[in-house]
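These notes concern the structure reproduced below.
Taken together, the values in this text are just the output of simple stated rules run on the coordinates, not laboratory data. Owing to the predicted nature of the structure, the values given are computational and were not obtained by experimental measurement. Using ideal geometry, Cβ is built from the backbone for each residue, glycine included, and neighbour counts are taken over all protein chains shown.
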Amino acid sequence: MTATAQPAARRDATAPAHPPAGGHLSRVPQGFATLFAALGLLCALLLLLLVLARGGVYAVSRRGALWRALAVLLAGLAAATLLGWGLVLLFPGTLPAGTWPGPPTGCAAGWSRAAPSTAAHRAR
């Protein structure tokens, strides 16, 4: 039994990395946007309810608890941002087209190398 292998056809550098989505999966981003908008509204309403009901609940908090809570919030946001950034760097070219607009005008050259939309920079 023999097998022959043909060299792979060269890909066009300007072509999208993935074919455009179609079918049921094309509605997934809109579904997530609707879900997260509804969850955000629900959280805002629950927070408003808690603020309005705070007079009916007696609680003593420690001195400096607000600053500690704020520090935990900021540390969590920083960790989540760094995790997302690291995933994008580990798997380049996997974001769907149009979800990342590219680097802002006049940014550092080091950042523009990671952008999938700046093929012109690589051609120089």
| query | Using θ = phi - 60° and the Karplus curve 6.51 cos²θ - 1.76 cosθ + 1.60, what whole-Hz ³J(HN,Hα) does each residue of region 33-39 get, with Gly and Pro shown as x? | reply | 4, 5, 4, 5, 5, 5, 5
| said: Give me a comma-separated list of calculated 3J(HN,Hα) values for region 86-91, in order, Karplus coefficients 6.51, -1.76, 1.60 applied at θ = phi - 60°, integers in Hz, x for any Gly or Pro. | reply: x, 5, 5, 6, 6, 10
| said: What FRET efficiency comes out for Phe91 versus Leu48 if R0 is 41 angstrom and r is the Cβ-Cβ distance? Round to the nearest 0.05. | reply: 0.60
| Cβ-derived FRET efficiency at R0 41 Å, Arg68 paired with Thr34, nearest 0.05 | 0.70
